[in-house]
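Asks: For reference, the structure I am asking about is given below.
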Amino acid sequence: GEGDIKKINYLFLGDYVDRGKFSLEVITLLLALKLQYGPRITLLRGNHEAADTNIIYGFQEECIERLGKDDGEMVWLEFNQVFEHLPLAAVVEERILCIHGGIGRVETLDEIKRITRPVSICLHPKNRADRAVTDLLWSDPTQGDGEKGVKENTSRGLSVVFGPDVVQRFCKRNDIDLIVRAHQVVEDGYEYFANGHLITIFSATNYCGRGRN
């Protein structure tokens, strides 16, 4: 049966490929569901939905191993063309912002709305628009609510980390209640930040076979 998919909307936060054995099955199923159920399914883009990243972390290799060199490389390239059209954010009921990474240095929802697709990700951006894309996909909250402001993201080597003051200021300025994001392993599958104004959700259990999450 079709379960509840005809009654409930599903929103996915990105990272459908890499670091697993079944990237092809996962992304093919999700795209098929999107085609079948249209607005019931929203697929946001994650930082691994980019050729520069998934050529390193397993998706290209899986395509070639499963489909052969020529067909595998062609399919990998075509998937990455699709990824460039995926939205970077969604707003639920005008109160909840959903993204993959974080807000980073993005200050308004209008900045996000002005991003035009298709989007190629620049890992080391030189202008504000490219920086917004990188931050939405790669930035993280600080280690705890005691660290404030925006700082270099030394653990990833790109983008930034942002403190609870940045989250609260963003929510107030844009009249929203909550930011929902993924991008980081959290032991219990979810973790609150900024006095409940941001939540990290991570649904891949026992990440990479060693996460114990």
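The values are calculated or read from the model by the stated rules, or taken from the named source; none is laboratory data. All values derive from a computational prediction rather than experimental measurement. A quick note on method: Cβ atoms are made from the backbone with ideal geometry, for glycine too, and the neighbour counts reach across all protein chains shown. We work out accessible area using only protein heavy atoms, side chains counted, and drop any ligands, DNA or RNA first. Shrake-Rupley method; radii C 1.70, N 1.55, O 1.52, S 1.80 Å.
Asks: So ASN195 passes all but one of these: (1) surrounded by fewer than 16 Cβ atoms within 10 Å (Cβ to Cβ); (2) of a type in the set (S, T, N, Q); (3) at negative phi. Which condition number does it fail?
Replies: (3)
Asks: For residues that are of a type in the set (Ser, Thr, Tyr) and under 19 Å from GLY14 (Cβ atoms), scanning just segment 159-192, find the one that is least open to solvent (accessible area, probe 1.4 Å).
Replies: SER159
A quick yes/no check of all residues on (1) among the basic types (Lys, Arg); (2) crowded, with 20+ Cβ neighbours inside 10 Å; (3) in a helix (DSSP H, G or I):
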residue: ILE27; (1), (2), (3): no, no, yes
residue: TYR57; (1), (2), (3): no, no, no
residue: ARG66; (1), (2), (3): yes, no, yes
residue: THR116; (1), (2), (3): no, no, no
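Residues checked against (1) closer than 19 Å to ASN47 by Cβ; (2) in contact (Cβ under 8 Å) with a residue 12 or more places away in the chain; (3) open to solvent by less than 20 Å² (accessible area, probe 1.4 Å); (4) charged (D, E, K, R):
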position	(1), (2), (3), (4)
LEU88	yes, yes, yes, no
VAL91	no, yes, no, no
ILE96	no, yes, no, no
LEU109	no, yes, no, no
HIS124	yes, yes, no, no
LEU137	yes, yes, yes, no
GLY146	no, no, no, no
GLY157	yes, no, no, no
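Asks: A further question follows. Given the conditions (1) of a type in the set (A, V, I, L, M, F, W, C); (2) open to solvent by less than 60 Å² (accessible area, probe 1.4 Å); (3) touching a helix residue (DSSP H, G or I) at 6+ places or on another chain (Cβ under 7 Å), report the number of the one that PHE202 does not fulfil.
Replies: The one condition PHE202 does not meet is (3).
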